[in-house]
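Working notes, beginning with the structure itself.
The values are calculated or read from the model by the stated rules, or taken from the named source; none is laboratory data. Treat the numbers as computed from the prediction; the structure is a model and nothing was measured. FYI the Cβ positions are ideal-geometry reconstructions off the backbone, even for glycines, and counts take in every protein chain you see. Ligands, DNA and RNA are excluded from the accessible area calculation, which covers all protein heavy atoms including side chains. Shrake-Rupley method; radii C 1.70, N 1.55, O 1.52, S 1.80 Å.
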Amino acid sequence: MFSVGDIVIYGTQGICRISDIGPLPMSFADKNRQYYTLRPYYTPEMVIYAPMDNQAVVMRQPLTREEAEALIAEIPDIETAWIVNEKEREV
């Protein structure tokens with residue numbers, strides 16, 4: 001569960017701030033369904049209404065600085081994935 005003001009990573013939109021939580025502000029919308037109102041960081045004029053009960057699109061907290069640095073430090077130890085069949089590599 002997230003709160004107004006939280007920063008989240010939403011699907012392929014990337015970094016967003018939750019600006020509101022509640023029903024959609026549209027006359028045709030189901031007033032019983034709750035939505036996060038998201039403002040993408042890189043396109044703040046855009047508005048995304050994400051249903052709170054949506055399981056199809058991933059919404060998560062961003063990594064902390066420490067988590068990101070730990071992940072970057074692990075990169076040299078990650079074995080390169082290799083596909084032997086050249087035709088499969090093209091896909």
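Per residue, the chain exposes an accessible area of 80 Å² to a 1.4 Å probe, with every protein chain left in place. Between VAL47 and ILE78, the distance separating the two model label sites (each 7 Å from Cα on the Cα→Cβ line) works out to 3.7 nm. Using a probe of 1.4 Å on the protein chains alone, the accessible area found for MET46 is around 80 Å². On the beta carbon distance between GLN61 and ASN85, with R0 = 30 Å, the FRET formula returns roughly 0.20. In this structure VAL57 has an accessible area near 60 Å², from a 1.4 Å probe over the protein heavy atoms. No solvent, one uniform scatterer per C-alpha: report log10 I(q)/I(0) for the chain via the Debye equation at q = 0.20 1/Å, two decimals. One equal scatterer on each Cα of the chain leads to -0.95.
Per-residue Karplus couplings for segment 59-75, computed as 6.51 cos²θ - 1.76 cosθ + 1.60 with θ equal to phi - 60°, are listed in order as 10, 9, 6, x, 5, 6, 4, 5, 5, 5, 5, 5, 5, 4, 5, 7, 3 Hz, Gly and Pro entered as x.
The calculated FRET efficiency for LEU71 paired with SER19, based on their beta-carbon distance and R0 = 25 Å, is about 0.30. Farthest toward the positive end of the dipole of the chain, out of ILE21, TYR41, MET1, is the Cα of ILE21, where the dipole comes from beta carbon charges about the Cα centre. Distant-in-sequence amide contacts of ASP6, defined by a placed amide H-H separation under 5 Å and a gap of 5 or more residues or a different chain, comprise ILE18. The residues THR12, THR43, THR80, sorted by heavy-atom accessible surface at 1.4 Å with ligands and nucleic acids left out, run THR12, THR80, THR43 from largest to smallest. Note on SER3: accessible area is roughly 60 Å² with a 1.4 Å probe, heavy atoms of protein only.
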